[in-house]
Amino acid sequence: MSPKSVCVYCGSRAGIDPAYAVDAHNIGAALAENGWRLVYGAGDVGLMGTVARAAQDAGGDTFGVIPQHLVDWEVGKTDLTTYIVTETMHERKKVMFMNCDAVVVLPGGAGSLDELFEALTWRQLGLHSKPIYLLNTNGYWGPLISLMNHVVTQGFADASLLDYITVVPDAAAATLALRDAFS
C-alpha cells in the first residue's frame with residue numbers, strides 16, 4: 001500500500017489570529033510525522049508556506065502545484081519534493097485533488113473556499129469519496145457552517161451534504177480523523 005497524501009487548502013495570507021499559523025504548522029508537522037505526503041498550492045507565503053515548511057522541517061514529502069501566473073505572487077516554493085507549475089488555476093486544482101487521498105481545509109479566503117466547494121460538489125455528485133475535513137481554528141469556519149445548514153434548511157441541498165464534511169477544532173483532531181480514515 002502506497003503512502004497516503006493529504007491535500008491542504010489554506011490561505012496565502014496568515015490571517016489576524018496567531019492560532020491559524022499554529023494549526024498550519026501543526027498539521028504540516030503531523031503529516032510528515034505520520035508518513036503522509038503534503039499536497040498543496042506550492043506557495044511560500046501565508047499559511048501555505050507555514051504548512052510546507054513544517055512538513056519539510058519534519059522530514060516530510062511535499063507535492064506543490066502552482067499556476068504560472070501565481071509563481072511570483074505566492075512565491076513558488078521550488079525546494080519541494082515535487083514542484084509542478086501549471087498553466088491555469090483549474091489545472092492546479094485538478095492536479096492537487098487527483099494526487100491526494102483526503103482534503104483538509106484550514107482558514108483561508110476566496111481561493112480556499114473555491115477549492116473546498118469544488119471538492120464538496122464533486123463529492124455530492126458521487127465523483128469521489130475522499131474525506132474532507134474543515135479545520136475550524138478558533139471557530140473560523142462557524143459562519144460557513146451556518147450558511148451550509150441554511151442551504152440545507154432552505155431546500156437547496158439534501159442533508160447528506162453536511163455529512164461530506166467533517167468539522168475538526170484543531171490540527172490534533174484533524175490528525176486523529178485522518179488516522180481513522182486511513183486505517
Residues of region 153-171 satisfying the condition of being over 15 Å from the mean Cα position of the chain (by Cα) and surrounded by 13 or more Cβ atoms within 10 Å (Cβ to Cβ): A157, L161, L162
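So that you can scan it fast, the table gives a plain yes or no per residue for (1) within 21 Å of K4 (Cβ to Cβ); (2) surrounded by fewer than 24 Cβ atoms within 10 Å (Cβ to Cβ):
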| site | (1), (2) |
| --- | --- |
| R37 | yes, yes |
| A42 | yes, no |
| D57 | yes, yes |
| G76 | no, yes |
Search result, residues across region 1-29 that are among the aliphatic types (A, V, I, L, M) and surrounded by fewer than 24 Cβ atoms within 10 Å (Cβ to Cβ): M1, A14, I16, A19, A21, V22, A29
Some residue of region 3-19 being closer than 22 Å to A171 by Cα and at pLDDT below 95: yes
Region 1-13 residues that are part of a strand (DSSP E or B), paired with ones that are of a type in the set (D, E) (beta carbon under 6 Å, 6 or more apart): S5/D101; Y9/E115
Number of positions in region 93-135 that are charged (D, E, K, R) and under 15 Å from V6 (Cα atoms): 5
Residue in region 97-111 that is surrounded by fewer than 21 Cβ atoms within 10 Å (Cβ to Cβ), closer than 19 Å to A157 by Cα and not polar (S, T, N, Q) present: no
Yes/no for A157 being over 21 Å from L47 (Cα atoms), among the small types (G, A, S) and either touching a helix residue (DSSP H, G or I) at 6+ places or on another chain (Cβ under 8 Å) or modelled with pLDDT of 95 or more (or both): yes
In region 28-82, the residues that are in contact (Cβ under 8 Å) with a residue 40 or more places away in the chain, farther than 23 Å from I16 by Cα and of a type in the set (D, E): D61
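The values are calculated or read from the model by the stated rules, or taken from the named source; none is laboratory data. What you see is a predicted model; the values in this text were computed from it and never measured. Because the Cβ atoms are built from the backbone with ideal geometry, glycine has one as well, and the counts that use them run over all protein chains shown.
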